[in-house]
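For reference, the structure is listed below as structure tokens.
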Amino acid sequence: MNDISESPQEIATAGLVAGGAFLGAMWLDNKLSSWQFNDLKLVGQVFTTRSPVWQAQGLAGHFGFSVVMAFLYARYVRARLPGPGWLRGIIFLQIENGVLYPATIVADKVH
């Protein structure tokens with residue numbers, strides 16, 4: 001057990017803020033580069049391409065995943081990583097990216 005005492009509401013809020021920051025970075029990256037990636041489309045169009053349903057599904061899936069990752073980080077990972085809090089968060093999500101990135105091979109072919 002770790003000595004972190006954030007409430008579940010604080011952890012969920014941190015996950016929502018991080019999810020929003022990711023969407024902001026994605027939007028800026030799309031504006032500044034020729035690579036057009038849309039996480040909301042990737043997540044939201046799993047079951048339907050009807051608009052606005054896929055946008056709502058994408059938002060729910062994206063922010064839901066962000067909150068789940070925040071709880072996993074707070075409960076199991078944070079105390080095990082080195083460095084200050086901001087660096088531990090970056091390390092954790094880079095590990096997550098490395099683990100999930102191979103799934104893009106399947107997603108590109110099927111999606």
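The chain holds helices (runs of 4 or more DSSP H) entirely within its bounds, and those carrying 3 or more residues that are exposed (fewer than 12 other Cβ atoms within 10 Å of the Cβ) map to 8-32, 85-100, 103-110.
Please go through region 63-108 and pick out each residue that is among the basic types (Lys, Arg) and either under 20 Å from Gly24 (Cβ atoms) or under 16 Å from the mean Cα position of the chain (by Cα) (or both). Please lay out each step first, then the result.
From region 63-108, those among the basic types (Lys, Arg) are 75, 78, 80, 88; that's our starting set.
Of everything in region 63-108, just one residue is among the basic types (Lys, Arg) and either under 20 Å from Gly24 (Cβ atoms) or under 16 Å from the mean Cα position of the chain (by Cα) (or both), namely Arg88.
Test Gly83 against the stated conditions and say whether it is among the small types (Gly, Ala, Ser), at pLDDT 95 or above and within 17 Å of Leu16 (Cβ to Cβ). It is false that Gly83 is among the small types (Gly, Ala, Ser), at pLDDT 95 or above and within 17 Å of Leu16 (Cβ to Cβ).
The values are calculated or read from the model by the stated rules, or taken from the named source; none is laboratory data. Note that this is a predicted model, so its numbers are computed, not measured. Here Cβ is always computed from backbone atoms with ideal geometry, including for glycine, and neighbour counts include all displayed protein chains.
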